[in-house]
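Coordinate-derived values only; no laboratory data. Since we're looking at a predicted model, the values are computed, not measured. Cβ coordinates were reconstructed from backbone atoms using ideal geometry, including for glycine residues, and neighbour counts include every protein chain displayed.
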Amino acid sequence: MTSFFEGWEKWSPQILSIVRIMAALCFLQHGLQKYIGFPSATPPGDILHYVQGAIEVAGGILLALGLWTRPVAFIMAGDMAVAYFTQHMPRSFFPALNGGDAAILYCFIFFYIVFVGGGAWSLDRKVLRQE
Amino acid sequence: MTSPFAGLERYAPYALSIVRIVVAASFFEFGLEKYFDFPGPAHVDMTPIYYVQGIIEIVGGFLLLIGAFTRVVAFILSGDMAVAYFMIYFPRSFFPGQNGGLSAMLYCFIFLYMVFAGGGAWSVDRSILKQE
């Protein structure tokens, strides 16, 4: 069955970079909503709301560029885990019911990036010459 | 900067399996909702296309959870989520934060990665079927 996919493994660093960039841009979007009301404004919140917004903007930009990928992904994975357990988990155990589906997916994408880095296309690799 | 993370690469296949299992379990849940109203009632009006989608979610989610035929299954699920995104969510808005398609997009890309990277260290593919 898998013979068709033989040799695809060598492209996984490129695909990882694509996944990283898409997830980071989506993540950035939530921060932009909180601070500059783009693409749509969210209602103003307490201090925690803006701290989270700062993490989303800074982390989203750094991860999209692939700069200091592992430390940034580590912080963001932890951030999403906290968000899940403080905001979503109290509503229901099941992600389909508590609205925390995306938070889980972000958390685990970032978690994986901590282990493998930013993939083929990243500033870490191009500019800082580190993995 | 990366020194605390040096050597983590070695554990990447295990991390990938953890990601695969959690994501598949979460995906599986949406199929259960459509057919068994568990853990809650379905989010959508159950037109025939959603019964088809429910089968994809149950069968695909389960196979990916145990890691059987990972790449083939992930390929189908990734395409499925791409279609869902462009058919259901994209017409509402360009931005995933607004059109409700954020999860669909993230699922799509995670599955896409698994087409290329496989199911990681812990999978039926590797332990029983003896294939990568």
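Inter-label distance, A:Glu9 to B:Leu129: 1.5 nm, where each label sits 7 Å from its Cα along the C-beta direction. Helix B:12-36 and the long axis of chain B differ in direction by around 20°, with both axes built from C-alpha atoms. Restricting the trypsin sites (Lys or Arg not before Pro) of region B:64-132 to loop positions (DSSP other than H, G, I, E, B) with no more than 12 neighbouring Cβ atoms within 10 Å leaves B:Arg92, B:Lys130.
With N the number of residues in chain B, Rg(Cα) / (2.2 N^0.38 Å) evaluates to 1.15.
In plain terms, if you count all Cα to Cα distances in region A:12-126 and split them into 5 Å steps from zero, the share in each step is 2, 13, 21, 23, 19, 13, 6, 2, 0 percent. As a calculated quantity, the FRET efficiency between A:Ser92 and B:Phe36 at R0 = 22 Å, using C-beta atoms, amounts to about 0.85.
Phi-derived couplings, Karplus 6.51 cos²θ - 1.76 cosθ + 1.60 at θ = phi - 60°, listed residue by residue for region B:78-94: 5, x, 4, 6, 5, 4, 4, 4, 6, 7, 9, 8, 4, x, 6, 6, 6 Hz, with x used for Gly and Pro.
Taking the longest Cα principal axis of chain A as reference, the axis of helix A:12-36 is set at about 20 degrees.
The long axis of helix B:102-117 is offset from the longest Cα principal axis of chain B by roughly 40 degrees.
In straight-distance terms, cross-link reach from B:Lys130 covers every one of the aspartates and glutamates whose alpha-carbon lies under 16 Å from its own, apart from those fewer than eight places away in the same chain; here that gives A:Glu6. Max-minus-min Cα coordinates of the protein assembly as shown on each principal axis give 43, 41, 32 Å, with the largest extent listed first. Shown here for region B:23-107: chymotrypsin sites (Phe, Trp or Tyr not before Pro) in loop regions (DSSP other than H, G, I, E, B) with at most 11 other Cβ atoms within 10 Å, namely B:Phe94. Among B:Ser93, B:Ser26, the order by Cβ neighbours within 10 angstrom, fewest to most, reads B:Ser93, B:Ser26. In this label model, B:Val52 and A:Ile47 are separated by 5.4 nm, measuring between points 7 Å along each Cα→Cβ vector.
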